[in-house]
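A.B. asks: My questions will all concern the structure given below.
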Amino acid sequence: MKALGTRATRTSAPRARALRTHGGVSVRFDVRAAVVVAALVVAALAASVALIGTGDFDIPAVDVIRTLLGNGDPGQEFIINDLRLPRVVVALLVGASLGLGGALFQSISRNPLGSPDVLGIGQGSTAGALLMIVIFQGSATEVAGGALVGGLVTGAAMYLLAWKQGVHGYRLVLVGIGVNAFAVAVNGYLLTKADLVDAARAVVWMTGSLAGRDWEQVWPLLTLCAVLLPLIVAHARPLRMLEMGDDTAYALGVPVERTRVVLMTAAVLLTAAATAAAGPVSFVALTAPQLARRLTRSPGPNLVPALCMGATLLVVADWASQRVFGADQLPVGVVTGVLGGVYLLWLLVTERKAGRI
Amino acid sequence: MNRLIADDVTLGYDQRVIAEKLSVEIPDNSFTVIVGPNACGKSTLLRALSRMLKPSAGRVLLDGRTIHSLPAKKVARTLGLLPQSSIAPDGITVGDLVARGRYPHQGLLRQWSGDDERIVRESMESTGVAELADRYVDELSGGQRQRVWIAMALAQQTPLLLLDEPTTFLDIQHQIDVLDLCADLHEEQGRTLVAVLHDLNHAARYATHLIALRDGKVLAEGPPLEIVTAELVREAFGIDCRVIDDPETGTPLVVPAARKARVAT
């Protein structure tokens, strides 16, 4: 009852601001969300500099920044630009893709648990990758391709199974959990079929790691993000309307099913590509949108804050794993798993205290 | 010709046909209420009129053109709908929710004009939720929340507004409150309203045009004073009743007959 009493008096100061020009152009933005995004970008960049400076051979932050700006000495230039920078860029892109993909899925399914790693996209990608590792002994590129195709096939299967005159939140989550269970079974089967070397390689891949990532992983992911981002931004407003239910969105003139198909496809592509580049890094897609939302305290899908939060989370997790356990001793997926698990517990406890579950 | 017409439509879900060759015209500037027993097809008809359900035969005409061939946003600027169930996103304020009604008038480069701001304010004022603007929707009472959703539909600024059972789940005070609000929108702002209602007496009191459905067919339509009779009620709902003058408004008042067993004792 006490909690209810405090809730009843809660009001919010209006935070939305609008910029208008004489030509009739107007843009609306949320001040708090803008501040959060700026802070996250700064945090991500700072963590990136720290991550580049970390390794068998530590480099001070000043030297890292100087080298990145093109004024470093040749020795540091090689270590930074050729060895460590691509890994950090992959971390940023993978984190951003997972954060954004998670926010899209959670918004479409209208469920904080409806993130792509829970719904089986991650496991589907893993199945594709394991198939390449175990059956075809494929190269790194072929494994990445397998992960991408696996994620896309899983996404398509999920959509078709959940489709009944349109896809609705609950059915999507339930079907997704079923698809996830199926993919886990396939992965278990593939592992039992593998010989020792392949199995070891598969298990490392399945943990999610950024070790040894170079520019080859950067370009495909960067291209995909560059293509998908404008598409997603263009559909962000209809997505916001979809959160009020299909009927209301329809009444407002939103092309409901088209918006959903476009955004789900984009989210599956982002998640599958991120998984192809770094393996199934757990919990980022689940936690980044929720953390971002708690910071912005703004309704709606919070796409850009979730994207920035994902990037920050992954770089910080990679930095932490290297700092605490030494270079490449602990795959980043383990750290995000631990952090994510703690977060989930905290979330459950606070929600329980607030009387919401 | 009236602006909104269902012309010889066949409606249904999957293989189940709800209404066949149904034709209905919504008189311009009327407050039309659709009544009928459960599963008579009244909500289905409303969904078809609002473009949400595509007829398997026949067509729905908006301003003389097939509604399904018109661009979605264009329809949404002419015809608004308050669905039976809507979801208020977590942590949204009343002002933000009502502002979302402006969506069909906005675009990527026109996100929040001065007009938008003014119309949202006016919509909140005319529904009496202006002072709630900064409150969170999830902490409002059911009646307040329904007013907020109506305010959102008003902000859409459509000459035609469809309401699917707007009084369901509300107590009698808030039912009257919402219906009075609808009557104001009709009389003062000159909008054409179409509502599905369960309560026959509410329908008879507020409607200027009544459509009685049964099994997907129109039993009667016209002003309540002319069409609400004991025979119509028996035919539509299968109950015996007396129809008397409402002592407050003079509109027909349906009083169901008492059970015979109880009358006898």
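The values are calculated or read from the model by the stated rules, or taken from the named source; none is laboratory data. These numbers were taken from a predicted model, which means no experiment stands behind them. Ideal geometry is used to build each Cβ from the backbone, glycine not excepted, and the neighbour counts take in all protein chains shown.
A.B. asks: Scan A:Thr248, A:Thr223, A:Thr207 and give me the residue that is free of Cβ contacts under 8 Å to residues at least 60 places away in the same chain, touching a Pro at 6+ places or on another chain (Cβ under 7 Å) and of a type in the set (S, T, N, Q).
C.D. replies: So the residue among A:Thr248, A:Thr223, A:Thr207 that is free of Cβ contacts under 8 Å to residues at least 60 places away in the same chain, touching a Pro at 6+ places or on another chain (Cβ under 7 Å) and of a type in the set (S, T, N, Q) is A:Thr248.
A.B. asks: Among A:Ala292, A:Ala317, A:Ala285, which is under 30 Å from A:Ala140 (Cβ atoms), touching a residue at least 60 places away in the same chain (Cβ under 8 Å) and either within 14 Å of chain B (Cβ to nearest Cβ) or among the aliphatic types (A, V, I, L, M) (or both)?
C.D. replies: A:Ala285
A.B. asks: In addition: With (1) over 21 Å from A:Leu224 (Cβ atoms); (2) surrounded by 24 or more Cβ atoms within 10 Å (Cβ to Cβ) as the list, and A:Trp319 as the residue in question, which single condition is left unmet?
C.D. replies: (2)
A.B. asks: Output the residues belonging to segment B:20-35 that are among the hydroxyl-bearing types (Ser, Thr, Tyr) and in a loop (DSSP other than H, G, I, E, B).
C.D. replies: Once the filter is applied, which keeps residues that are among the hydroxyl-bearing types (Ser, Thr, Tyr) and in a loop (DSSP other than H, G, I, E, B), segment B:20-35 yields only B:Ser30.
A.B. asks: Further, regarding this structure: Could you tell me whether segment B:96-106 includes any residue that is surrounded by fewer than 21 Cβ atoms within 10 Å (Cβ to Cβ) and modelled with pLDDT of 90 or more?
C.D. replies: Yes, because at least one residue in segment B:96-106 is surrounded by fewer than 21 Cβ atoms within 10 Å (Cβ to Cβ) and modelled with pLDDT of 90 or more.
A.B. asks: Which numbered condition trips up B:Ile119, out of (1) assigned to a helix (DSSP H, G or I); (2) within 8 Å of another protein chain (Cβ to nearest Cβ)?
C.D. replies: (2)
A.B. asks: Next question. Which of the residues belonging to segment B:37-61 are within 12 Å of B:Leu213 (Cβ to Cβ) and in contact with a Gly (Cβ under 9 Å, 6 or more places away or on another chain)?
C.D. replies: B:Pro37, B:Cys40, B:Gly41, B:Lys42, B:Thr44, B:Leu45 - these are the residues of segment B:37-61 that are within 12 Å of B:Leu213 (Cβ to Cβ) and in contact with a Gly (Cβ under 9 Å, 6 or more places away or on another chain).
A.B. asks: I would also like to ask the following. Check A:Val256, A:Val261, A:Val268 and return the single one that is touching an Asp or Glu at 6+ places or on another chain (Cβ under 6 Å) and either within 14 Å of chain B (Cβ to nearest Cβ) or more than 24 Å from B:Asp90 (Cβ to Cβ) (or both).
C.D. replies: That would be A:Val256, the only listed residue that is touching an Asp or Glu at 6+ places or on another chain (Cβ under 6 Å) and either within 14 Å of chain B (Cβ to nearest Cβ) or more than 24 Å from B:Asp90 (Cβ to Cβ) (or both).
A.B. asks: Which residues, taken from segment A:120-170, are surrounded by fewer than 16 Cβ atoms within 10 Å (Cβ to Cβ) and farther than 24 Å from A:Gly333 by Cβ?
C.D. replies: A:Ala156, A:Leu160, A:Trp163, A:Lys164, A:Gln165, A:Gly166, A:Tyr170
A.B. asks: Do the conditions hold for B:Arg51, that is, is it buried (at least 17 other Cβ atoms within 10 Å of the Cβ), more than 7 Å from chain A (Cβ to nearest Cβ) and either touching a helix residue (DSSP H, G or I) at 6+ places or on another chain (Cβ under 7 Å) or not in a helix (DSSP H, G or I) (or both)?
C.D. replies: Yes: the conditions hold for B:Arg51.
A.B. asks: Can you spot a residue in segment A:200-219 that is within 22 Å of A:Cys308 (Cβ to Cβ), of a type in the set (A, V, I, L, M) and crowded, with 20+ Cβ neighbours inside 10 Å?
C.D. replies: Yes: one or more hits.
A.B. asks: Looking at B:Val194, B:Val233, which is the one that is buried (at least 20 other Cβ atoms within 10 Å of the Cβ) and assigned to a strand (DSSP E or B)?
C.D. replies: Checking each option against the conditions leaves just B:Val194.
A.B. asks: Here is a follow-up. Could you tell me whether A:Asn71 is within 14 Å of chain B (Cβ to nearest Cβ) and not in a helix (DSSP H, G or I)?
C.D. replies: Considered against the rule, which asks whether it is within 14 Å of chain B (Cβ to nearest Cβ) and not in a helix (DSSP H, G or I), A:Asn71 comes out as no.
A.B. asks: Another question about this same structure. Looking only at residues in segment B:1-47 that are surrounded by 20 or more Cβ atoms within 10 Å (Cβ to Cβ) and among the hydroxyl-bearing types (Ser, Thr, Tyr), which one is nearest to B:Pro166 (Cα to Cα)?
C.D. replies: Among them, the one singled out is B:Thr32.
A.B. asks: Can you pull out the residues in segment B:48-71 that are at negative phi, of a type outside the set (Val, Ile, Thr) and in contact (Cβ under 8 Å) with a residue 24 or more places away in the chain?
C.D. replies: B:Ala48, B:Leu49, B:Ser50, B:Met52, B:Leu53, B:Pro55, B:Ser56, B:Ala57, B:Arg59, B:Leu61, B:Leu62, listed by residue number.
A.B. asks: Residues being surrounded by fewer than 16 Cβ atoms within 10 Å (Cβ to Cβ), touching a Pro at 6+ places or on another chain (Cβ under 9 Å) and not basic (Lys, Arg): count how many of those fall in segment B:69-89.
C.D. replies: Matching residues across segment B:69-89 total 0.
A.B. asks: Can you name every residue in segment B:31-75 that is of a type in the set (Gly, Ala, Ser) and in contact with a strand residue (DSSP E or B) (Cβ under 6 Å, 6 or more places away or on another chain)?
C.D. replies: Residues satisfying the conditions are B:Gly36, B:Gly41, B:Ser43, B:Ala48, B:Ser50, B:Ser56, B:Ala57, B:Gly58.
A.B. asks: For segment B:61-111, how many residues are closer than 21 Å to B:Leu49 by Cα, assigned to a loop (DSSP other than H, G, I, E, B) and within 7 Å of another protein chain (Cβ to nearest Cβ)?
C.D. replies: The number of residues fulfilling the criteria is 3.
A.B. asks: Separate question: For segment B:144-162, which residues satisfy the criterion of being more than 11 Å from every other protein chain (Cβ to nearest Cβ) and under 16 Å from the mean Cα position of the chain (by Cα)?
C.D. replies: Of everything in segment B:144-162, those that are more than 11 Å from every other protein chain (Cβ to nearest Cβ) and under 16 Å from the mean Cα position of the chain (by Cα) turn out to be B:Gln146, B:Arg147, B:Val148, B:Ile150, B:Ala151, B:Leu154, B:Gln157, B:Pro159, B:Leu160.
Residue-wise test of (1) part of a helix (DSSP H, G or I); (2) hydrophobic (A, V, I, L, M, F, W, C).
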| site | (1), (2) |
| --- | --- |
| A:Ile80 | yes, yes |
| A:Arg84 | yes, no |
| A:Leu98 | yes, yes |
| A:Ser107 | yes, no |
| A:Val118 | no, yes |
| A:Gly124 | yes, no |
| A:Met132 | yes, yes |
| A:Ala144 | yes, yes |
| A:Ala147 | yes, yes |
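A.B. asks: Return the residues of segment B:142-191 that are of a type outside the set (D, E, K, R), more than 18 Å from B:Ile26 (Cβ to Cβ), surrounded by fewer than 18 Cβ atoms within 10 Å (Cβ to Cβ) and touching a residue at least 40 places away in the same chain (Cβ under 8 Å); say none if nothing qualifies.
C.D. replies: B:Thr168, the sole residue that qualifies.
A.B. asks: Same structure, new question: With respect to A:Val227, determine if the residue is modelled with pLDDT under 90 and surrounded by fewer than 21 Cβ atoms within 10 Å (Cβ to Cβ).
C.D. replies: When the stated conditions are applied, A:Val227 does not pass them.
A.B. asks: With respect to A:Val94, is the statement that it is within 13 Å of the chain's Cα centre (by Cα), at pLDDT below 90 and closer than 25 Å to A:Ala292 by Cβ true?
C.D. replies: Against the criterion (within 13 Å of the chain's Cα centre (by Cα), at pLDDT below 90 and closer than 25 Å to A:Ala292 by Cβ), A:Val94 does not qualify.
A.B. asks: Shifting gears a bit: What number of residues within segment A:210-248 satisfy the criterion of being of a type in the set (Gly, Ala, Ser) and facing chain B (nearest Cβ under 9 Å)?
C.D. replies: Counting residues in segment A:210-248 that are of a type in the set (Gly, Ala, Ser) and facing chain B (nearest Cβ under 9 Å) gives 2.
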